[in-house]
1. Looking only at region B:401-413, which residues are buried (at least 18 other Cβ atoms within 10 Å of the Cβ) and of a type outside the set (S, T, N, Q)?
2. Would you check which residues across region B:414-429 are surrounded by 20 or more Cβ atoms within 10 Å (Cβ to Cβ) and either modelled with pLDDT under 95 or not hydrophobic (A, V, I, L, M, F, W, C) (or both) and list them?
3. When both residues are 6+ apart or on different chains and their Cβ atoms are under 7 Å apart, which pairs have a first residue that lies in region B:371-394 and is farther than 19 Å from B:Asp114 by Cβ and more than 7 Å from every other protein chain (Cβ to nearest Cβ), and a second that is acidic (Asp, Glu) and surrounded by 24 or more Cβ atoms within 10 Å (Cβ to Cβ)?
4. Within region B:96-104, is even one residue closer than 29 Å to B:Ser376 by Cβ, touching a residue at least 40 places away in the same chain (Cβ under 8 Å), of a type in the set (Asp, Glu) and crowded, with 24+ Cβ neighbours inside 10 Å?
5. Please go through region A:1-48 and give me each residue that is charged (D, E, K, R) and closer than 19 Å to B:Leu396 by Cβ, ordered by number.
6. Restrict the check to region A:53-63 and report whether at least one residue is touching a helix residue (DSSP H, G or I) at 6+ places or on another chain (Cβ under 8 Å) and surrounded by 13 or more Cβ atoms within 10 Å (Cβ to Cβ).
7. I want to confirm something. Restricting to region B:307-348 and keeping residues that are among the polar types (S, T, N, Q) and more than 10 Å from chain A (Cβ to nearest Cβ), which single residue is nearest to A:Thr29 (Cα to Cα)?
Amino acid sequence: MITLEDVKKIANLAKISLTSEEEKRHTETISVVLDYMQILNEVDTEKVEPTFEVNDLKNVWRNDEIKKCSFNQELVKQFPEKYAGMLVVPGVFENSTEE
Amino acid sequence: MPACWLSPEFLKIQRKNNMELHKLTLKQAAEGLRKKQFTSVELTQACLAQIKKRNKDLNAFITISEDRAIAEAKLADEMIENGQATELTGIPFSVKDSIATADIRSTAAAKILDNYTPVFEATVVEKIRKAGGVLIGKTNCDAFGHGASNENSMYGAVRNPYNLKKVSGGSSGGSAVSVADHMCFYSIAEDTGGSIRQPASFCGVFGLRPTYGRNSRYGVMPMASSLDVVGPMARTAEDLAIVLKYMAGTDKKDATTTVATVDNYDLIAEKEISAQGGSASGGKKSKLVVGIPKEYFEIEGINEEIKKNVLYQIEKFKEQGAEIVEVSLPHTKYAMAVYYIVVPSEDSSNMARLDGIRYGVREKKIKSLSELYEVSRANGFPEEVKRRILIGTYVLSAGYYEAYYKKAQKVRTLIKSDFEKVFKEVDILIAPTSPFPAFELGEKKSDPLQMYLADVMLSPAAVAGYPALSVPTGFTAEGLPIGTQIIGDKMKEGLLLQVGKFLTKKD
């Protein structure tokens, strides 16, 4: 079960604004999905280790080197808003409605 | 296919009409190009003409790269002329829109990337283009791969070529349709929990989910990183084998790729299955051992026609002298729940990069940074993407992590060990790809759990990292394609393709 308040809280954490209708709909549909997940409680996992990846991967290291990027100008072109080759974003603190 | 099919006489007629070239298989087309019976430009034009004729009804493509395809075809014709051709040179192919293609818009079917043109190429695409492949366009899909019907695309649903009222399946619906409807010869797609196999089965084509780590995922927009794989879709098993040979291999840019050697898949696919046999338990047995996983056939609501069709495939194996054994993978029924905890969890973090800051669509008239994120993401994602992010955020949050995420990863261990055990006894597992054929557009859209359950036969292999192939093995009375799923041991793609060829061999 998930409550409307939970949905509002996680939507805020996930940075997605939802209409009140969407909040209601997600509360209903996610509750159904989470109820279905209860099926996992049938399984005894007391002595089972979790599997986070399937191929027994090892960390692959490389040297932390500065390399020339051939397409940095292309990336700058993709910025939604820019000034003198720099990325423009709204102020993090200024005019912020957050606490 | 009779040998006379590619006779000069036949091809002359075909060339005269210049409208059926797109219906060749990749192998036939490559042969025709090599023998200079037609050019890559002609082949590409035939595919483009088919797209123009059919895409308005089917909606398989989001972006059609016509001018560029023709330019690439001209280059391919030069390669052929200079004797530098590979089997893929001059052959038109499509790429799922969630895979980055340099200088061609890649939206992943979400409006947040409506204006996004990558500056780099996914490794798998780069490999194919180096081999002379002609990229004809980017295919529609459920946004970022979230879905099983292709109805979660912000560019409209894809329709099934066998019945326009039915879904194409998803998430790689556009790729499946582009191949099924002869708009190109093969497609490069992505499978997290069934996104290649399920639309392949709904549209009557082959779709391969390779072993986790077989192909590079560099440049593939991630959904659930511990499950995502890139694979091909094509009209024959042989064609699939050719494409896989060019795609597969390790990549410095993707540390999760495995170093295992790339087999000559096309040569393996050529072999008779009776000559195969014996790979289970280190070659102890002399014949091919086919496992029937009983849990897959006990799933509630499984379509009787599909069941019958798959049982008929099992008879074919028997006739060929294969050993058939019933096996059990007892944790099968938990795979869906594991999948829909693990996937949204990884998803919610992968989707965090899409925020309207450095690329993609940023909402205008925004007062604060927080509002910029919230509104860009609200308008740029379809409902299902939002739902998955919310589920993931929830199950990973304090107090729920142990109960959901860690529990799911423990059950995942049990699912994986089911497969490990069973592949000591059998060479392949056979099951339906989907419990039902293509369903009506809109039928499951408002009920996410029902939509998730469409993956019931697909998620176990994905969760455990095993390869699986969907083989088109027939039609329902209503005329909808049926897919048979063959699951193999890790890195046994060659055997899967060999079996796929055997099951579709014309008597």
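1. Hits for region B:401-413 are B:Tyr404, B:Tyr405, B:Lys407, B:Ala408, B:Lys410, B:Val411, B:Arg412.
2. Scanning region B:414-429 gives B:Asp418, B:Asp427.
3. Listed by first residue and then by second, the contacts come to B:Arg388/B:Asp347; B:Gly392/B:Asp347.
4. yes
5. Residues satisfying the conditions are A:Glu5, A:Asp6, A:Lys8, A:Lys9, A:Lys15, A:Asp35.
6. Within region A:53-63, one or more residues are touching a helix residue (DSSP H, G or I) at 6+ places or on another chain (Cβ under 8 Å) and surrounded by 13 or more Cβ atoms within 10 Å (Cβ to Cβ).
7. My answer is B:Ser345.
Condition check ((1) of a type in the set (D, E, K, R); (2) away from every other protein chain (no Cβ under 14 Å); (3) within 23 Å of B:Val205 (Cβ to Cβ)) across all residues:
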{"position": "B:Ala29", "(1), (2), (3)": "no, yes, yes"}
{"position": "B:Glu42", "(1), (2), (3)": "yes, yes, no"}
{"position": "B:Asp57", "(1), (2), (3)": "yes, yes, yes"}
{"position": "B:Thr63", "(1), (2), (3)": "no, yes, yes"}
{"position": "B:Ala69", "(1), (2), (3)": "no, yes, yes"}
{"position": "B:Thr89", "(1), (2), (3)": "no, yes, yes"}
{"position": "B:Glu121", "(1), (2), (3)": "yes, no, no"}
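The values are calculated or read from the model by the stated rules, or taken from the named source; none is laboratory data. The shown structure was predicted, so the numbers you read here are calculated from the model rather than taken from an experiment. With ideal geometry, Cβ positions are generated from the backbone for all residues, glycine too; neighbour counts draw on all protein chains shown.
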